[in-house]
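The values are calculated or read from the model by the stated rules, or taken from the named source; none is laboratory data. What you see is a predicted model, and the numbers here were worked out from it, not measured in a lab. Using ideal geometry, Cβ is built from the backbone for each residue, glycine included, and neighbour counts are taken over all protein chains shown. The protein model used for the area step is the full one, side chains on, heavy atoms only, and it has no ligands, DNA or RNA in it. Shrake-Rupley method; radii C 1.70, N 1.55, O 1.52, S 1.80 Å.
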Amino acid sequence: MATPDFAPRRAAFRKLHESGCFVIPNPWDIGSARYLKHLGFQALATTSGGFAFSRGLADTQVSREVVLDHIAEIVAATDLPVNADFESGFARDPKGVAESVRLCAATGVAGISIEDSTGDKAKPLYEVPVAVERLEAAREALGDSGVLLIGRAECFLTGHSEPLKESIRRLQAYAQAGADVLYAPGVHERADIQAIVAAVHPRPVNVLMGWSSGDKVTDLAALGVRRISTGSALARAAWGGFISAAKKIAEQGSFAFDGAAPFAELNSLFRA
């Protein structure tokens with residue numbers, strides 16, 4: 001079997017980041033990926049949390065080998081560019097991050113996100129020089145593959161005392177280290193989003209919308225946001241419907257649950 005040519009997807013993905021604003025939703029399996037393609041989205045991103053939940057595990061508890069297989073599965077599910085939520089690179093040292101990134105790029109992804117979180121509650125973020133070295137190693141590992149590197153500052157999610165100030169400091173350093181896209185998940189306030197966009201201009205900024213919000217795509221676009229991801233939100237929405245229906249059966253003996261997708265609609269969509 002011939003090796004797929006992922007260059008067109010990667011070129012299309014890079015072009016999406018050049019202007020405007022687009023939504024990059026996060027499927028957690030083949031079916032959700034194909035449905036999002038059906039709705040007309042132009043790119044997809046994996047979700048470490050959404051996938052972990054589908055395996056009965058907590059976020060970050062899935063092995064690198066299993067995650068790589070999952071990413072390859074999502075890449076093969078459609079012809080859309082895919083951005084990999086690659087957590088913290090499944091390694092602490094730059095050499096290990098580089099090895100992981102090379103393996104991830106081989107799946108055919110068009111983008112790879114690397115976090116600066118350590119997983120250590122006492123010291124949740126890598127020191128900036130170390131985080132920069134890790135991203136530099138990732139950048140070198142990607143070479144001329146055309147895969148975008150996304151640098152993530154986890155300050156808002158890890159309880160930093162000055163999350164905006166520290167996120168900007170880190171994202172500026174990550175841009176210098178070779179990150180093509182900057183991302184500070186957990187930022188909510190419009191003024192903070194605008195400050196991040198201005199601080200790293202002209203690098204494109206990703207904003208996470210993983211909670212109920214009055215902000216719409218047009219609102220975030222007006223702030224200069226280039227792309228909007230949903231993280232585990234869609235997977236959690238699916239879990240919400242499942243949990244509600246299952247609880248009605250278990251606790252009330254009732255099958256009166258609403259919102260189930262029609263069998264015929266799904267069966268028709270996925271028919272080979």
Worksheet, complete the sentence: Row for the stretch 113-208, column shape: gyration tensor on C-alpha, a ≥ b ≥ c, rounded if a/c < 1.5 i.e. under 1.5, prolate if a/b over b/c, else oblate; value oblate
Worksheet, complete the sentence: Expected max-MSF residue from Thr218, Thr158, Thr46 in the GNM of the chain (alpha carbon, under 10 Å) is Thr218
Fill in: Approximate spin-label separation Lys123-Glu140, in nm, with each point projected 7 Å along Cα-to-Cβ
2.3 nm
Discussion item. For Cα pairs less than 8 Å apart in space and 6+ apart in sequence, what is the mean separation divided by the residue count of the chain, i.e. the relative contact order in percent?
Written reply: 18 percent
Worksheet item: Running Debye on the stretch 93-167 with equal point scatterers at the Cα sites and no solvent, what base-10 log of I(q)/I(0) appears at q = 0.19, 0.24, 0.25 Å⁻¹?
Response: -0.78, -1.06, -1.11
Worksheet, complete the sentence: Each label sits 7 Å from Cα toward the beta-carbon; between Ala237 and Thr218 the label points are separated, in nm, by 1.9 nm
Worksheet item: What is the total of Lys pairs in the chain with C-alpha atoms under 27 Å apart, excluding same-chain pairs fewer than 8 positions apart?
Response: 8
Response to the item:
For the chain, longest principal axis from Cα atoms; helix 190-200 axis from its Cα atoms; angle between them, nearest 10 degrees, is 40 degrees
Worksheet item: Which FRET efficiency value, to the nearest 0.05, do you get for Asp93 and Ile30 by plugging their Cβ-Cβ distance into 1/(1 + (r/R0)^6) with R0 = 35 Å?
Response: 0.55
Worksheet item: Can you give the FRET efficiency for Ala12 and Glu162, using 1/(1 + (r/R0)^6), R0 = 51 Å, r = Cβ-Cβ distance, to the nearest 0.05?
Response: 0.85
Practice prompt. Could you let me know the centre-to-centre spacing of the stretch 117-164 and the stretch 16-76, using Cα atoms, in angstrom?
Written response: 20 Å
Worksheet item: What part of the accessible area of the chain, given as a whole %, is carbon or sulfur when the probe is 1.4 angstrom?
Response: 54 percent
